[in-house]
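Report on the structure given below.
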């Protein structure tokens, strides 16, 4: 299913969500312009679970770094990897989901809290990947873990929302409206099934970091409500 729009919130300008989308698109354009040199950028800014795990060991008592900042750069890739994508479909799909679901979540959290929440969700998604495959040398890139956190928060904030979505049926395409709760439960079910069936032995499985999606979504479900602004009480008309 491909989401087109949500009906739960009036479309308002949400600056952080807009800036995040523009930042991801700008980085992707830079990747395209690099040509063959993009591989070096990916290796530098992607999150590699084994390297992050080794860097964390540097900060344990009795263990010293090999050089200045040796243990810090891989840890920073928990953030930088969110802005690197592997192709047009990768970045387009992620930004579509962020555009549709991110605005409502930013409205409930407030812009600054939304930014912190988004980055924290991406980090939590990376930690989930590392916990499943701590010795993996496969680079993990993309904003989908952070966006999964946004989906988790949306699931809690807008249970009565409805998602207009494209549903391909064989050679036919239908546009239908699906309850947000059902849509997101189906989405999470697919991630969980894929993670349990194939993603528990490495990261990512089949080119998708399923456990990043699972970890990010659960993070959003748990933390989103704790950060939400109180909604103003309804006005009484006399």
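Each reported figure results from applying straightforward, stated rules to the coordinates on display, with no laboratory input. Computed from a predicted structure; not experimentally measured. Here the Cβ is made from the backbone with ideal geometry for all residues, glycine too, and neighbour counts use every protein chain on show.
At a glance:
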{"quantity": "Euclidean distance of C-alpha centroids, region 1-51 and region 142-174, integer Å", "calculated": "17"}
{"quantity": "Residue exposure sequence - 177, 106 - by fewest surrounding Cβ within 10 Å", "calculated": "177, 106"}
{"quantity": "Likely footprinting exposure, 213, 85, fewest C-beta neighbours within 10 Å first", "calculated": "85, 213"}
{"quantity": "Ranked list, fewest to most other Cβ atoms within 10 Å of each Cβ, for 88, 181", "calculated": "88, 181"}
{"quantity": "Efficiency of FRET from Cβ geometry, residue 119 and residue 173, R₀ 35 Å, rounded to 0.05", "calculated": "0.45"}
{"quantity": "Scattering curve values for region 107-206, log₁₀ I(q)/I(0), Debye with Cα scatterers, q = 0.15, 0.19, 0.20, 0.21 Å⁻¹", "calculated": "-0.78, -1.07, -1.11, -1.15"}
{"quantity": "Sequence-separation-based contact order of region 2-227, relative, with Cα cut under 8 Å and 6+ spacing, percent", "calculated": "27"}
{"quantity": "Convex hull of region 78-137 built on C-alpha atoms - directionally averaged projected area, nm²", "calculated": "4.8"}
